[in-house]
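The values are calculated or read from the model by the stated rules, or taken from the named source; none is laboratory data. Keep in mind it's a predicted model, so treat the numbers as computed, not measured. Glycine also receives a Cβ, built like all others from the backbone with ideal geometry; neighbour counts cover every protein chain displayed.
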Amino acid sequence: MNPKEIKKLQARSRGLRAKVVSPTVVSVVSRSQPAVQHFVTVEWMGDGAIRTRCTCPWGMNGGVCCSHVMAALNVLAARKKRVISFWNDRDEAERQKHRMLRLVGHSAEDELYLTTRPA
């Protein structure tokens, strides 16, 4: 299940506080409930594919990319002095002329694209 308005979600993710807990886990403070933290697990699968899991309701119900996942990936990219952008469509991502990664879900239809560039 892919998000519909990915650019709005990406903008919202920039306001979330995220902290790297381990090389594969990031905690992200909930926007609607500031006392709650969601944990995002990131799995680097090779060939430019990334699989994530989030403990928020969207993630627990099969959602591929919530704002917490975006915030987690942003903080991991920032550690490498990189900036990422999210795209629903492969063609849109390819037009950016930057390195492209795939954010994959549990089915073939669940796939988003990321582009990464130097900060």
#### Entry: Condition check for R17: among the charged types (D, E, K, R) and modelled with pLDDT of 95 or more
yes
### Query
Which one is nearest to the chain's Cα centre (by Cα) among residues in the stretch 88-118 that are over 18 Å from G46 (Cβ atoms), at pLDDT 95 or above and of a type outside the set (D, E, K, R)?
T115
### Pick from the stretch 1-25, criterion of a type in the set (S, T, Y) and surrounded by fewer than 17 Cβ atoms within 10 Å (Cβ to Cβ), ranking: nearest to T116 (Cα to Cα)
T24
#### Entry: Condition check for V28: of a type in the set (A, V, I, L, M, F, W, C), under 14 Å from A71 (Cβ atoms), surrounded by fewer than 15 Cβ atoms within 10 Å (Cβ to Cβ) and out of contact with any Gly (no Cβ under 8 Å at 6 or more places or on another chain)
no
### Query
If we scan the stretch 44-53, do we find a residue that is within 14 Å of the chain's Cα centre (by Cα), on the phi > 0 side of the Ramachandran plot and surrounded by fewer than 18 Cβ atoms within 10 Å (Cβ to Cβ)?
yes
### Query
Does any residue in the stretch 97-119 that is over 22 Å from N61 (Cβ atoms) come within less than 6 Å, Cβ to Cβ, of a residue that is part of a strand (DSSP E or B) and of a type in the set (G, A, S) six or more places away or on a different chain, and which pairs are these?
T115/S85
### Message
Tally up the residues in the stretch 1-26 that are of a type in the set (G, A, S), under 13 Å from the mean Cα position of the chain (by Cα) and in a strand (DSSP E or B), please.
### Response
1
### Search result, residues across the stretch 33-49 that are among the polar types (S, T, N, Q) and more than 26 Å from M100 (Cβ to Cβ)
Q33, Q37
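Taking the conditions exactly as written (modelled with pLDDT of 95 or more, in contact with a Lys or Arg (Cβ under 8 Å, 6 or more places away or on another chain), more than 23 Å from W87 (Cα to Cα) and hydrophobic (A, V, I, L, M, F, W, C)), does V40 satisfy them or not? Full working, then the answer.
Numbers: modelled with pLDDT of 95 or more: yes; in contact with a Lys or Arg (Cβ under 8 Å, 6 or more places away or on another chain): yes; more than 23 Å from W87 (Cα to Cα): no; hydrophobic (A, V, I, L, M, F, W, C): yes.
So V40 does not fit the description; no.
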